[in-house]
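Here the structure is laid out as structure tokens; the discussion comes afterwards.
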Amino acid sequence: MKDPKDSKARLDALRADIERRNPAQPEFHQAVREVLETLAPVFAARPEYAVAGLVERLCEPERQIIFRVPWTDDHGHVQVNRGYRVEFNSALGPYKGGLRFHPSVDIGVVKFLGFEQIFKNALTGLGIGGGKGGSDFDPRGRSDAEVMRFCQSFMTELQRHIGEHTDVPAGDIGVGGREIGYLFGQYRRITNRWEAGVLTGKGRGWGGSAIRPEATGYGAVLFAAEMLKLKGIGLEGRTAVVSGSGNVAIYTIEKLHKLGAHPLTCSDSQGYVLDEKGIDIELLKQIKEVERGRVSDYAARRGGSARYVPGGRVWEVAAEVAFPSATQNELDVQDARALIANGVKAVSEGANMPTTPEAVRILQEAGVAFGPGKAANAGGVAVSALEMSQNAARVSWTAERVEQELAGIMRDIHAVCHETAERYGAPGDYVTGANIAGFERVADAMLAQGII
Ligand code: GLU
């Protein structure tokens, strides 16, 4: 297996086999392909990883749970959704990863997210395995009471599979503080245990960590700052485009302001806002977090400096740094070309797999520093792991302390991705660096623990 060509042939065969055995799961295929494509040099350099079955085991979830979630809406009608939890890999610690409530959720989406989470969590260095879950439930337009009943029904089944030492869910798209509260309440009621460490993203007053809501967005900005630093550029004074208007986008925008950059945009599935004066973070939080409104409301209320572009894509706005922070495959080849034409210097993925593989390639070839989500958005799950530590010790750290830890973790992730890429002859390629560095940590643990 010394010849990288042999490794490549074996990995190609494995990929074909995975696609055959997991039909109609395009996002999972994409996530696996992207990792396998970067691993061939590792097998050539480190024959101990070339043992039969290691990568095969890595690509097969340890456990996949699918369940019925019945609930009654405000009109007394019974609704039936589907719930998922994919416990992908626990070599480094309890399964850890968010829950996504969105109509697009199916087993392929949950598996892609769970697979990515393995490497991301390994990169944090914090002893957490990879998992992900969710439902095709759409919280948009539902009353608080409906969301509560749905969460209670979802947890009534999920509770038998999770635990602070087993599997620790958190939020993702459609699951924020409100949903985590209802889920935690039902877990506590059924189990009669105050087990704070069973979920992360809890409210600050009942076991949640300071800076957890901010962590993913703040981390994505810190990662961008590290990439730019190596190019001899500071973030201060730079223009930025941000997509999305959920938790990740909001705190990306907030951190950009704090570091003296100019975040010009935010978006939702219907269009985007361009605000020449920079997005007003308080107004955006009020509309999105309090009123659960749309970004078109932002433009209407902001006045002169903001323009709403229905159906448009933020990537057409000229800026020096880009933060795709909405959802998978939201930035394609055409968008990448537009960003490059406008002189973008760095792209830092706040969302999971938001850039299509072809767009990643074009950006990298143009010399744009590209931070893949596994590395760039790992700040969220990292602070989740710090929340677990605080819960286990029954302590609560100050915001200053958590923020300092987060900054150190993001610096370390950037450094390990950068060094690993150099070590494998791909300087500046953070995709290769993140995949290989994450893989090495998980693979070492899996090899030590035997064939299980
Ligand atoms: N859903 C987030 C992610 O994609 C956070 C997961 C967590 O905090 O467990 O990493």
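The values are calculated or read from the model by the stated rules, or taken from the named source; none is laboratory data. Predicted model only: the values in this text are computed from it and were never measured. Here Cβ is always computed from backbone atoms with ideal geometry, including for glycine, and neighbour counts include all displayed protein chains. Ligands, DNA and RNA are stripped out before the accessible areas are found, and what is left, the full protein with its side chains, is counted by its heavy atoms. Shrake-Rupley method; radii C 1.70, N 1.55, O 1.52, S 1.80 Å.
For this structure, a couple of remarks:
- Restricted to helices (runs of 4 or more DSSP H) entirely inside region 312-426, those with at least 3 residues that are within 26 Å of I436 (Cα to Cα), away from the ligand (no atom under 16 Å from the Cβ) and open to solvent by less than 30 Å² (accessible area, probe 1.4 Å) are 357-365, 399-423.
- Any hit, region 58-77, residues being within 23 Å of V168 (Cα to Cα), in a helix (DSSP H, G or I) and open to solvent by less than 10 Å² (accessible area, probe 1.4 Å): yes
- Any hit, region 160-172, residues being of a type in the set (A, V, I, L, M, F, W, C) and over 28 Å from L447 (Cβ atoms): yes
- Looking across region 80-117, the residues that are more than 10 Å from the ligand (Cβ to nearest atom) and in a strand (DSSP E or B) come down to V80, N81, R82, G83, Y84, R85, V86, E87, F88, N89, F101.
- Meets criteria (in contact (Cβ under 8 Å) with a residue 60 or more places away in the chain, in a helix (DSSP H, G or I) and under 22 Å from the mean Cα position of the chain (by Cα)) for L228: yes
- One residue stands out in region 141-162 among those that are surrounded by fewer than 17 Cβ atoms within 10 Å (Cβ to Cβ) and in contact (Cβ under 8 Å) with a residue 60 or more places away in the chain: the one that is nearest to the ligand (Cβ to nearest atom), namely E157.
- With respect to (1) over 30 Å from V442 (Cβ atoms); (2) under 16 Å from the mean Cα position of the chain (by Cα), the lone exception for E116 is condition (1).
- Selection over region 7-35 of residues that are aliphatic (A, V, I, L, M), assigned to a helix (DSSP H, G or I) and modelled with pLDDT of 95 or more gives a count of 5.
- Any chance L256 is touching a His at 6+ places or on another chain (Cβ under 8 Å) and either among the hydrophobic types (A, V, I, L, M, F, W, C) or open to solvent by less than 20 Å² (accessible area, probe 1.4 Å) (or both): yes
- Region 170-181 residues that are within 15 Å of A145 (Cα to Cα) and open to solvent by less than 40 Å² (accessible area, probe 1.4 Å), paired with ones that are of a type in the set (K, R) and more than 8 Å from the ligand (Cβ to nearest atom) (beta carbon under 7 Å, 6 or more apart): I180/K202
- Output for region 15-32, where each listed residue is in contact (Cβ under 8 Å) with a residue 60 or more places away in the chain and open to solvent by 60 Å² or more (accessible area, probe 1.4 Å): A24, P26
- Pairing residues of region 103-129 that are touching a residue at least 12 places away in the same chain (Cβ under 8 Å) with residues that are open to solvent by 10 Å² or more (accessible area, probe 1.4 Å) and charged (D, E, K, R), at Cβ distances under 6 Å and at least 6 apart in sequence or on separate chains, gives P103/D136; P103/D138; V105/D136; G108/E27; V109/E27; F112/E27; A122/R441.
- The C-beta contact set for region 52-80 (first residue over 11 Å from F150 (Cα atoms) and touching a residue at least 12 places away in the same chain (Cβ under 8 Å), second residue of a type in the set (S, T, N, Q) and open to solvent by less than 50 Å² (accessible area, probe 1.4 Å), distance under 7 angstrom, 6+ apart or interchain) comprises L58/N89; E62/N89; E62/S90; D74/S143.
- Count of residues meeting criterion [surrounded by fewer than 24 Cβ atoms within 10 Å (Cβ to Cβ), in contact with a helix residue (DSSP H, G or I) (Cβ under 9 Å, 6 or more places away or on another chain) and not charged (D, E, K, R)] in region 188-207: 8
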